[in-house]
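**Student:** Here it is, the structure, as structure tokens.
Just so you know, all these numbers are worked out from the coordinates, no wet-lab data involved. What you see is a predicted model, and the numbers here were worked out from it, not measured in a lab. Note: ideal-geometry Cβ built from the backbone for every residue, glycine included; neighbour counts use all protein chains shown.
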Amino acid sequence: MLTFFVTFKARGRSAPLPTRKYDSYMDIKLLNREQDTVRFVLSDVSPAFAIALRRIMISEVPVMAIDDVMILENNSVMYDEILAHRLGLVPVTTDPAYNLPEECTCNSELGCEKCRASFSLDVEASDPAEVVYSSQLKPENPDVRPVSDKIPIVKLAQGQKIKLEAYARLGRGKAHAKWQAVSAATYSYDPKARAFSFLVESTGTLSPEKIVLEAARIISAKTLSFEEGLGGIGQS
């Protein structure tokens, strides 16, 4: 059975993480942490593992993004479809309490309070020209809100109005780029030290540490699933 033992080093101190099933040691040394960016060195792993970790951070870590928009009123110059597309690309924070739509017990295309977070936007321009920003999106759940208040959504002329409801769901980057948890995930390889120097920059939806740990958890789950599949083949 394949097992990993993970040791994290930060500020000169090491601490083993409790893990269940792993077969060799790998070592992570934290180099730097700045806002939405983390740098670390990953040692004693194969290039295949490092590549898998990077790819999963990009494409498989679930985060929230606006997926459905109900336009109630829009007499701006921006078409409904373009407005909905722009809203989908506004990064929003992720609350891990929500279910993935395909795993939710509601089995509804519309979703429920366990797999969907809602926003409202109701703005009418009173000035000759008014820019609508992400700060004007009103979240139902304060834990799922725009990462930045300064993202422009649309420009309205005097008297123009937008009224809508938007719904965010968990998703993965492999389905659409709006669900990518990272804006950058790169590494350089030192073959002599057998070490990989990683740079991970979050879009703000999750902290970079959570992204790395969730990617490692997904690798572990995939490995165990593969082992179980092989066991089934051996028994048949």
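**Student:** Order these by the 10 Å Cβ neighbour count, fewest first: K222, K178, K29, K192. Walk me through the numbers before you get to the answer.
**Tutor:** Working: K222 13, K178 22, K29 18, K192 6.
Final ranking by Cβ density, sparse to dense: K192, K222, K29, K178.
**Student:** So what's the net charge close to Y98: Lys and Arg +1, Asp and Glu -1, counting the other residues with Cβ under 11 Å from its Cβ? Before the final figure, lay out each step's value.
**Tutor:** Working: positive: K114, R116, R169; negative: D95, E103, E113, D143.
Cβ neighbours under 11 Å give a net charge of -1.
**Student:** Taking the Cα centre of the chain as origin and charging only Cβ (+1 Lys, Arg; -1 Asp, Glu), how large is the dipole, in debye to the nearest 20? Could the numbers behind the result be given before it?
**Tutor:** Working: 28 positive and 30 negative charges, 234 e Å.
The dipole magnitude comes to about 1120 debye.
**Student:** Here is a further query. Which of S43, S148 has the fewest other C-beta atoms within 10 Å, and how do the rest follow up to the most? Let's see the in-between values first.
**Tutor:** Values: S43 18, S148 12.
So the ranking, lowest neighbour count to highest, is S148, S43.
**Student:** Would you indicate which of (1) 8, 31, 30, 18, 9, 3, 1, 0, 0; (2) 7, 27, 27, 20, 12, 5, 1, 0; (3) 7, 29, 32, 21, 9, 2, 0 is the value of P(r) over Cα pairs in 10 Å bins from 0, in percent derived from the coordinates of this structure?
**Tutor:** (2)
**Student:** Let me ask something else about it. Using each residue's phi in the range 41-58, evaluate 6.51 cos²θ - 1.76 cosθ + 1.60 at θ = phi - 60° and report the 3J(HN,Hα) Karplus result to the nearest Hz, with x for Gly and Pro.
**Tutor:** 10, 9, 10, 6, 10, 7, x, 4, 5, 4, 5, 4, 4, 4, 5, 6, 4, 6
**Student:** Right, here's the next one. Under 11 Å from the Cβ of W179, count the other residues' Cβ atoms, weight Lys and Arg +1, Asp and Glu -1, and hand me the total.
**Tutor:** Details: positive: R169, R172, K174, K178; negative: E60, D67.
Around W179, the charge tally is +2.
**Student:** Counting Lys and Arg as +1 and Asp and Glu as -1, what is the net charge of the other residues whose Cβ lies under 9 Å from the Cβ of D44? Kindly include the intermediate steps, with their values, before the conclusion.
**Tutor:** Values: positive: R194; negative: D27.
Net charge around D44: 0.
**Student:** Given springs between every Cα pair under 10 Å in a Gaussian network model of the chain, which of A215, A181, A50 has the largest fluctuation?
**Tutor:** A50
**Student:** Then there is this: Over the chain, what is the mean sequence separation of C-alpha contacts under 8 Å (at least six apart), divided by residue count, expressed as relative contact order in percent?
**Tutor:** Worked out over the chain, it gives 25 percent.
**Student:** Grab the DSSP H runs of the chain that are 4 residues or longer, score each as -39,500 (n - 2.57), total them, divide by all residues and round the 222 nm result to the nearest 500 deg cm²/dmol. Write down the numbers at each step before the final one.
**Tutor:** Numbers: 3 runs with 50 residues, N = 236.
Mean residue ellipticity, 222 nm, calculated: -7000 deg cm²/dmol.
**Student:** Would you mind checking the tilt of helix 208-235 against the longest principal axis of the Cα atoms of the chain, expressed as 0 to 90 degrees and rounded to 10?
**Tutor:** 60 degrees
**Student:** Moving to a separate point now. What is the packing order of peptides 138-145, 51-58, 164-171, taking the mean over residues of other C-beta atoms within 10 Å and listing the highest first?
**Tutor:** Numbers: 138-145: 15.6, 51-58: 19.6, 164-171: 21.1.
Averaged packing, sorted descending, gives the order 164-171, 51-58, 138-145.
**Student:** Further question on the same structure: Every cysteine in the chain with no other Cys Cβ under 4.7 Å from its Cβ, please list them in numeric order.
**Tutor:** By the Cβ distance rule, which asks for a partner under 4.7 Å, no cysteine is left isolated.
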